[in-house]
Amino acid sequence: MTTEKQKSNSRKIRDKWIKTRSKGKTHFVLVNGILFQGLPMAIFFLLISHTYNYFYDQTAFSSSSNIFIIKIIVNLLIWSLAGCVINWLLWNERENEFSQDISFESR
């Protein structure tokens, strides 16, 4: 048994997904995967790594700046790729839910 509030929430979620869906899968995966997941995670782990090296491993901290630049690039690539994969899977999951929701409503 669904209440009116649940139906309203379901409609809001569906409407939001329709709006997101209209922008396309590529936009969803790249924007959410890179900007909202990959970049923040890369920055977070760089800060953690840099802080750890500063306090506990002075030799690693004092190494050349080229190594730090390589760490930045590698972190950005790894976390951006991970974010894209996660959001690609999320897109597929939401598309399945959306198509099931549409087929359920048409009955």
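The values are calculated or read from the model by the stated rules, or taken from the named source; none is laboratory data. For clarity, every value in this text was computed on a predicted model and none was experimentally measured. Note that we place each Cβ from the backbone using ideal geometry, even for glycine, and neighbour counts take in every protein chain shown.
Of the residues Ser80, Ser103, only one is modelled with pLDDT of 95 or more and outside any loop (DSSP other than H, G, I, E, B); which? First the steps, then the outcome.
Numbers: Ser103 fails: modelled with pLDDT of 95 or more.
Criteria check complete, one pass: Ser80.
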Residues of the range 46-77 being in contact with a helix residue (DSSP H, G or I) (Cβ under 6 Å, 6 or more places away or on another chain) and modelled with pLDDT of 85 or more, in sequence order, are Leu46, Asn75, Leu76
Residue pairs within 8 Å by beta carbon, gap of at least six or interchain, first lying in the range 6-19 and surrounded by 10 or more Cβ atoms within 10 Å (Cβ to Cβ), second at pLDDT below 85, listed first then second, are Ser10/Thr2; Ser10/Asp101; Arg14/Asp101
